[in-house]
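What follows is a short report on a single structure.
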Number of protein chains: 2
Amino acid sequence: LKRSFIREILEHTNSNTISFAGGLPDPSLFPTKELKECTKKVFEDTSSLQYGNSMGYLPLRNHIAQFYTKKGFPTSKDNILITTGSQQALDIICRYYSGSTITIERPSYLGALNIFKLNNMLIQTVKLTKNGIDINLLKKSIKNSKLTYLIPDFQNPSSICYTKFNRLEVAKLLDSSNTILIEDSPYSQLYFETQQKPISWLLEDKSYHIGSFSKILSPSLRVGWIRANKKLLEPLVAYKEAMDLHTSVITQKIIYEYLKDAQTLELHLNKLRVKYKEKMLYFSKELDCYLPSFSYEKPKGGMFIYGALENIDTSKFLQKCLQNGVVYVPGIEFGGEYNEIRFNFTNNSLQDITKGLKRIKKSLEETI
Amino acid sequence: LKRSFIREILEHTNSNTISFAGGLPDPSLFPTKELKECTKKVFEDTSSLQYGNSMGYLPLRNHIAQFYTKKGFPTSKDNILITTGSQQALDIICRYYSGSTITIERPSYLGALNIFKLNNMLIQTVKLTKNGIDINLLKKSIKNSKLTYLIPDFQNPSSICYTKFNRLEVAKLLDSSNTILIEDSPYSQLYFETQQKPISWLLEDKSYHIGSFSKILSPSLRVGWIRANKKLLEPLVAYKEAMDLHTSVITQKIIYEYLKDAQTLELHLNKLRVKYKEKMLYFSKELDCYLPSFSYEKPKGGMFIYGALENIDTSKFLQKCLQNGVVYVPGIEFGGEYNEIRFNFTNNSLQDITKGLKRIKKSLEETI
């Protein structure tokens, strides 16, 4: 097993490097003050420091269940398993099905690819289209797939958001098959205009829906969850327990305190949506100015701009960029094309976005 | 994979049940106030909420390394990998060696047995003696073992502490073999009189030493670590990363703030040692009073009293105890004898210890 390209890069850049590589939130938008207040309350109760339940902190499980139910997707606490980030959520599921065949999008999330390798899964990829996944190719692939792993909301790395029609088609197809859906949705709340319904909603008995607080609150909390029907969820608890007993009660309680007032999260999310849209538009404007040969579609949410740099091998080109103090992730790392790039637009300040893109422009001039 | 007996029991008892089952610390001894103060400082820095490094928070790794070095076991940050509790530490190692043969103590830690099953390991057990592990039997077992898993300090469940001589014998034996030692040491700081040196110290190139803050600070933090030489440690980082990216930066920083003043932890540990010894002596006195047919040796540290209840099948007997509002873990769950019991003596108040043991006495009277 090899380490992830992004995490290795992140650990080897110096403080002057501008990184468009990781899927990092904008640190200036963390609700630091509010979380600090919540933490004070958490430490007023000694039980916050004791061992917790393997399925997670009950009030938080209830809260997440209500969140689904309010949106129209009936869910109870028995459908929610708290995990140490959504990375662990995916690993728990894949460990349970280890050695199975899995159909995934091409390109797909790097951290997921490592989990599939770690669990000896046979990977079959299906190309993404502008509207979601290619239904005809998916139909062929799932014939011998136990699992299908999709990121329908502002997909990582492509930022594609499946259309309503595409979601219905996927649900219909999977419903008549023997494959189980793993729907990963870390970016679903980060929409700029409209939100789509999860595919799992239409596939209640055949789906795992994975959620996370990393992109909407703080990745450092390491709290995510799996939503599934009881029959699918129950066998996973023994895995979760063997893997790390339970997720930190402290971080779970901090989140619960934060969520107690229904308005707090909604206001924060609205702020994130507005700010991230602004940043995306700014990044896009600067891209068009400094890298006019980069072709892409503006995303409708999420954290990434994905596209292709005409005739450039973006893996080789990265070395030059690294020398000039700027990094990104080449598309090939996700199973994409040799000339593709994923840019994160959320993490850097506006000044650094411009500075970083200027450095890429300079690297390009030095290359050609 | 089945869930752990203890964790299932803990989730199904009601608030009136007195539990001697889990390895839970005394909640009244948590340094709640100090940890609360540390947490305030952590939230003053926005980077506490961002993604962290897979190997762990560097200042904490340095601190743990110094801790070893000061005791005479030279260690640098490159020898330390932070994990989400020591449960994950063991899982990471076993996942790397999945499918291997492993020699373990009989009886052994329940949570470890689940990890070995999860990683398809072939388990060979070696009986414990009063002084540690049976060297002759160990010699036979390790001939075809890739790994040897030991808990030399106040072993779980037996509370046996390996003698200095036994440690030297184990080290000599393993040094001349092809087996790698996994030394699990969650209780090593909880000694009542003297501390023994880790076996890993004598086996630097062939050992993983696993540590944890769960028993000495708070289990809810979910922070543990692996100490190993670089060659053994490096391949594990990709596993850690695939499993949950990294351990919560918030909880790591809370611990780092707590450790900054060298005196704080030492004072806290001294307090734990005194209080836990008092509790052990109290538990022992009450045992002798209410259950005179229970035979055991007083432990010299740790959290458990382990022994045998004459002619009683302690698994069957547990049902009766459960009805009477008291639980423990039958030895058979750890691979021990049918009539053995593990009692945790740290978690309950003195009143509840007496109350619980009276309930067992009552159950015994109703049985015979």
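The values are calculated or read from the model by the stated rules, or taken from the named source; none is laboratory data. Since this is a predicted model, take the numbers as computed values, not measurements. All Cβ positions, even for glycine, are placed from backbone atoms using ideal geometry, and neighbour counts span all protein chains on display. Note: accessible area is taken over every heavy atom of the protein model, side chains too, but ligands, DNA and RNA are not part of it. Shrake-Rupley method; radii C 1.70, N 1.55, O 1.52, S 1.80 Å.
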Enumeration of residues in segment B:109-141 that are among the hydrophobic types (A, V, I, L, M, F, W, C), in contact with a strand residue (DSSP E or B) (Cβ under 7 Å, 6 or more places away or on another chain), more than 14 Å from chain A (Cβ to nearest Cβ) and open to solvent by 10 Å² or more (accessible area, probe 1.4 Å): B:Leu122, B:Ile123, B:Leu128, B:Leu137
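With B:Ile250, B:Ile210 as the choices, which residue is modelled with pLDDT of 95 or more, open to solvent by less than 20 Å² (accessible area, probe 1.4 Å) and under 16 Å from the mean Cα position of the chain (by Cα)? Talk me through it step by step, then tell me what you get.
Working: B:Ile250 fails: under 16 Å from the mean Cα position of the chain (by Cα).
Only one candidate qualifies: B:Ile210.
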Pick from segment A:92-115, criterion touching a residue at least 60 places away in the same chain (Cβ under 8 Å) and of a type in the set (D, E, K, R), ranking: nearest to A:Lys146 (Cα to Cα): A:Arg95
In segment A:198-208, residue farthest from A:Gln252 (Cα to Cα) [restricted to those that are touching a helix residue (DSSP H, G or I) at 6+ places or on another chain (Cβ under 7 Å) and in contact (Cβ under 8 Å) with a residue 40 or more places away in the chain]: A:Ile199
Some residue of segment A:155-162 being in contact with a helix residue (DSSP H, G or I) (Cβ under 6 Å, 6 or more places away or on another chain) and over 18 Å from A:Ile210 (Cβ atoms): no
Condition broken by B:Thr39, with the remaining ones in (1) closer than 18 Å to A:Gly52 by Cβ; (2) open to solvent by 20 Å² or more (accessible area, probe 1.4 Å); (3) of a type in the set (Ser, Thr, Tyr) satisfied: (2)
Those residues of segment A:24-53 which are farther than 30 Å from A:Leu357 by Cα and not in a helix (DSSP H, G or I), in sequence order: A:Phe43, A:Glu44, A:Asp45, A:Gln50, A:Tyr51, A:Gly52, A:Asn53
Filter result for A:Arg227 (at positive phi, open to solvent by less than 20 Å² (accessible area, probe 1.4 Å) and either within 13 Å of chain B (Cβ to nearest Cβ) or touching a His at 6+ places or on another chain (Cβ under 8 Å) (or both)): no
Elements of type strands (runs of 3 or more DSSP E) in segment A:254-368, at least 3 residues being buried (at least 16 other Cβ atoms within 10 Å of the Cβ): A:304-309, A:340-344
Residue within segment A:234-241 that is among the small types (Gly, Ala, Ser), away from chain B (no Cβ under 14 Å) and buried (at least 19 other Cβ atoms within 10 Å of the Cβ) present: no
Enumeration of residues in segment A:1-23 that are within 7 Å of chain B (Cβ to nearest Cβ) and either assigned to a helix (DSSP H, G or I) or at pLDDT 95 or above (or both): A:Arg7, A:Glu11
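Conditions (1) within 14 Å of chain B (Cβ to nearest Cβ); (2) surrounded by 24 or more Cβ atoms within 10 Å (Cβ to Cβ); (3) free of Cβ contacts under 8 Å to residues at least 60 places away in the same chain; (4) touching an Asp or Glu at 6+ places or on another chain (Cβ under 9 Å), marked per residue:
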{"residue": "A:Leu173", "(1), (2), (3), (4)": "no, no, yes, no"}
{"residue": "A:Ser176", "(1), (2), (3), (4)": "no, no, yes, no"}
{"residue": "A:Leu181", "(1), (2), (3), (4)": "no, yes, yes, no"}
{"residue": "A:Ser185", "(1), (2), (3), (4)": "no, no, yes, yes"}
{"residue": "A:Gln189", "(1), (2), (3), (4)": "no, no, no, yes"}
{"residue": "A:Arg222", "(1), (2), (3), (4)": "yes, yes, no, yes"}
{"residue": "A:Lys231", "(1), (2), (3), (4)": "no, no, yes, yes"}
Tabulated pairs, segment A:118-136, first over 20 Å from A:Glu297 (Cβ atoms), second part of a loop (DSSP other than H, G, I, E, B) and open to solvent by less than 60 Å² (accessible area, probe 1.4 Å), C-beta under 7 angstrom, 6+ apart or interchain: A:Asn120/A:Gly99; A:Met121/A:Gly99; A:Met121/A:Ser100; A:Gln124/A:Ser145; A:Thr125/A:Gly335
Residue ID - nearest to B:Gln189 (Cα to Cα), chosen from residues in segment B:34-43 that are more than 8 Å from chain A (Cβ to nearest Cβ) and out of contact with any Lys or Arg (no Cβ under 6 Å at 6 or more places or on another chain): B:Glu34
Meets criteria (more than 23 Å from A:Ile142 (Cβ to Cβ), surrounded by fewer than 19 Cβ atoms within 10 Å (Cβ to Cβ) and either acidic (Asp, Glu) or out of contact with any strand residue (DSSP E or B) (no Cβ under 9 Å at 6 or more places or on another chain) (or both)) for A:Glu204: no
Qualifying residue in segment B:269-283 (condition: out of contact with any Gly (no Cβ under 8 Å at 6 or more places or on another chain) and within 14 Å of another protein chain (Cβ to nearest Cβ)): yes
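Residue-by-condition table, conditions (1) more than 24 Å from A:Thr83 (Cβ to Cβ); (2) more than 22 Å from the chain's Cα centre (by Cα):
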residue: B:Glu44; (1), (2): yes, yes
residue: B:Asn79; (1), (2): yes, no
residue: B:Tyr96; (1), (2): no, no
residue: B:Ile104; (1), (2): yes, no
Positions within segment A:50-108 being open to solvent by less than 10 Å² (accessible area, probe 1.4 Å), more than 14 Å from chain B (Cβ to nearest Cβ) and of a type in the set (S, T, N, Q), in sequence order: A:Thr103, A:Ser108
Qualifying positions in segment B:161-171 - out of contact with any Leu (no Cβ under 9 Å at 6 or more places or on another chain) and open to solvent by less than 60 Å² (accessible area, probe 1.4 Å): B:Cys161, B:Thr163, B:Asn166
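Inside segment A:13-28, can you point out the residues that are surrounded by fewer than 15 Cβ atoms within 10 Å (Cβ to Cβ) and touching a helix residue (DSSP H, G or I) at 6+ places or on another chain (Cβ under 9 Å)?
If the condition is that a residue be surrounded by fewer than 15 Cβ atoms within 10 Å (Cβ to Cβ) and touching a helix residue (DSSP H, G or I) at 6+ places or on another chain (Cβ under 9 Å), then A:Ser28 is the only one that fits.
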